[in-house]
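Read the figures in this text as sums done on the coordinates, not as results from a lab. Since the structure is predicted, the reported quantities are computational estimates derived from the model, not experimental observations. All Cβ positions, glycine included, derive from the backbone under ideal geometry; neighbour counts span all protein chains shown.
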Amino acid sequence: MRFTSQKLWIFAEDDINTDVIFPGRYTYEPLSPEEMAKHAMEDYDPEFVKKVEKGDIIVAGNNFGAGSSREQAVTCLQASGISCIIAGSFARIYFRNAINQALPLVISPECSQFVLKNKERILSEMIKIDVDFDKGEIKIDKEIFSFPKLDDQALLIFKAGGLVEYTKARLKEK
């Protein structure tokens, strides 16, 4: 798996929680992923849904996805076009939900700090990020950052399109 950013979204704060990623007021509405995408990050950055494009990458600080266990916080970003999220760290339940939904996450404190420190230059020069999951590398500008590769089980879930599709395929095999 490999992703090259179309555009970067840099969220410098730590502890961006699921209520900000997907506003709680929509949690109990029966929304499709496409409808959820219309509300992604709206309380954090109202322009996000108007400007996000397929293939964009988010870079954030530490503990991205803190808060509740709602899967909509993953689904809305994925449906909005986000291809990958890089952060210093993720809330554990958010990380697991992302695997279940097949949204690639990268834990790289070094890359996160580099991007946050160089935010203005990266955005003004529209520098792209290349994330190579097979190599466990992130390339940005002239810098290369390593990150732990996903385990084989997680990769199988990603390749299937998420935990539900993976489970369906496994049940068919039996």
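Side notes on the structure shown:
- Taking label positions 7 Å along the Cα-Cβ direction at both R121 and E165, the computed distance is 3.9 nm, reported to one decimal.
- For segment 1-85, the Kirkwood estimate of hydrodynamic radius, built from reciprocal distances between every pair of different alpha carbons, is 12.8 Å.
- Seen through its C-alpha gyration tensor, with square-root eigenvalues sorted a ≥ b ≥ c, segment 84-174 comes out prolate because a/c lies at 1.5 or above while a/b is bigger than b/c.
- Of all DSSP beta bridges confined to segment 1-127, the antiparallel ones make up roughly 0%.
- Overall, segment 19-174 carries a charge dipole of about 380 debye about its Cα centre when +1 sits on the Cβ of Lys and Arg and -1 on the Cβ of Asp and Glu, all other atoms neutral.
- Set K50/K142; K139/K172; K119/K159; K117/K139; K50/K135 screened for pairs whose C-alpha atoms are more than 27 Å apart: K50/K142; K139/K172; K119/K159; K50/K135
- Candidates A169, A98, T4 compared by Cα position along the dipole of the chain: farthest toward the positive end lies A169, with charges placed on Cβ.
- Along segment 43-59 the Karplus relation, 6.51 cos²θ - 1.76 cosθ + 1.60 evaluated at θ = phi - 60°, assigns HN-Hα couplings of 7, 8, 8, x, 7, 3, 5, 7, 10, 5, 10, 4, x, 5, 10, 9, 10 Hz to successive residues, with x for each Gly and Pro.
- Shape call, the chain: gyration tensor on alpha carbons, a/c limit 1.5: oblate
- Under 5 Å, built H, 5+ apart or other chain: amide partners of K7: D56, I57
- Residue among Q78, Q113, Q153 with the largest mean-square fluctuation in a Gaussian network model of the chain, springs linking Cα atoms under 10 Å: Q153
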